[in-house]
Amino acid sequence: MFRSKLMLVALVALTGVSAVNAQQLPWEVFEDSESASRCGLVNAENAELVVLVETGQLVLVTNDDIVLENTFLNQSNDVIVDGEPTGFLTFAEDADGFRTLWWVSLTGRVITVDGLTGRPRESDAVPADFQDVPCDACEFWDEDIDACNIPTEIVTQPTGGTFCEGVRIVLTVTAVGSNIDRYQWFKNGEAIGGEVSRTLVIDDAELFDTASYSVDVIDEDGSRVSSDPFTVAVQRCSDPDPTPSLNLCGTQVGMIGMLLFASLSCMKFVQRRN
């Protein structure tokens, strides 16, 4: 199973210690390598959830959509709760013979989510026990928003800056849209081979990485939205002088090559006084 580059837009009311205004947030759509099924909805025994693209948090899909506290999906599709693995997401065959997306425990049992606390626990059920299992998250969101036909838009532009030689530079774009297929990063107007995800990483930055960068968000039909160009500047950052300074005869000496000269000067001065 892998996460598709398709992203949809959810109207999510974030809750936690304090409530904030509802906002549009992209959620993940997963693709089953075995059946080619694409599901944006994660099934639990008693709930449906989505996974937010930006944070990896799991959100209960209800009338008042709730973000599960301290619950995240990592890159291996393991669900981490309070820092500990609590099952994983996987495609599995339901009672109707369709492969749908599930949150299961390490033993393959379907997770159930406490409606009051949001805490997960293992149930006695398995995916094959369920019929009429939903897969498409679009139908669960506000009817005033056509979440299945969102035009592509860049909501957070990538930004550059000045960096020291040898550091790791991470450039990221955030886009929403229901037909996003891939990304393409550019350096000085030329496409960078193989850089087709929403994040561009420059490891061990060198001076020649200094350039103007941009990224295109490309839909399934080939249409694209381009980011604003931005500049990344890589420079040599001076290190502190590793040679400690020495004060000889009132003279501050910072170079090993001056040490002998300063010492001889001291000796001559003492001899003249005698």
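Within segment 160-176, if we keep just the residues that are without any contact (Cβ under 8 Å) to a residue 60 or more places away in the chain and in a loop (DSSP other than H, G, I, E, B), the residue that is surrounded by the most Cβ atoms within 10 Å (Cβ to Cβ) turns out to be Val173. Beta carbons closer than 6 Å, at least 6 apart along the sequence or on distinct chains, pair a first residue in segment 200-227 that is assigned to a strand (DSSP E or B) with a second that is of a type in the set (Gly, Ala, Ser) for Ser214/Ser227; Val215/Ser227; Asp216/Ser226; Val217/Ala175. Considering only residues in segment 31-50 that are assigned to a strand (DSSP E or B) and modelled with pLDDT under 90, the one that is surrounded by the most Cβ atoms within 10 Å (Cβ to Cβ) turns out to be Leu49.
Take segment 107-118 and flag every residue that is surrounded by fewer than 20 Cβ atoms within 10 Å (Cβ to Cβ) and over 25 Å from the mean Cα position of the chain (by Cα). Within segment 107-118, Thr107, Gly108, Arg109, Thr112, Asp114, Gly115, Leu116, Thr117 meet the criteria.
Of all residue pairs spaced 6 or more apart or on separate chains, none has beta-carbon atoms under 9 Å together with a first member in segment 20-35 that is on the phi > 0 side of the Ramachandran plot and a second member that is modelled with pLDDT under 80. Gly250 satisfies every condition listed in (1) at pLDDT below 95; (2) within 17 Å of Glu153 (Cβ to Cβ) except (2).
Of the residues making up segment 177-199, not one is modelled with pLDDT under 95, under 15 Å from Gly160 (Cβ atoms) and outside any strand (DSSP E or B).
The values are calculated or read from the model by the stated rules, or taken from the named source; none is laboratory data. The structure displayed is predicted, hence computed values, not measured ones. All Cβ positions, glycine included, derive from the backbone under ideal geometry; neighbour counts span all protein chains shown.
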